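As structure tokens, the structure follows; a few thoughts come after it.
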Amino acid sequence: MDTQRKADTVEKMAKQTKTRRTRRTFSDEFKQGAVHLVLDEKKGIAEVARNLDLWGSVLRGWVKRGFRVLGGDTPSENRRGRADDT
């Protein structure tokens with residue numbers, strides 16, 4: 001095994017580390033607007049996240065918390081409530 005070649009590869013990999021994104025903060029109004037697009041306008045989380053330059057997991061978390069922030073039920077409670085009413 002060529003140890004020099006292996007050392008060069010490891011060295012190159014160390015130099016090519018991905019730069020991390022700076023942690024961003026978002027206002028409550030921005031979050032509510034994004035949640036509104038998903039819940040009220042029935043747009044997909046992936047589409048909205050892509051358009052707003054967000055990670056899908058971030059938007060998904062806002063949507064889960066958005067039900068409580070906006071005064072509604074959680075999705076599972078909401079579904080159960082409708083099922084009980086019928």
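Remark: Val69 falls outside the filter, which requires a residue to be modelled with pLDDT of 75 or more and either surrounded by 10 or more Cβ atoms within 10 Å (Cβ to Cβ) or touching a Ser or Thr at 6+ places or on another chain (Cβ under 6 Å) (or both).
Scan segment 39-55 and tell me whether some residue there is of a type in the set (S, T, N, Q) and either modelled with pLDDT under 95 or more than 20 Å from the chain's Cα centre (by Cα) (or both).
no
One residue stands out among those in segment 72-83 that are assigned to a helix (DSSP H, G or I) and among the polar types (S, T, N, Q): the one that is modelled with the lowest pLDDT, which is Asn78.
The values are calculated or read from the model by the stated rules, or taken from the named source; none is laboratory data. None of the values given here were measured: they were computed from a predicted structure. Note that we place each Cβ from the backbone using ideal geometry, even for glycine, and neighbour counts take in every protein chain shown.
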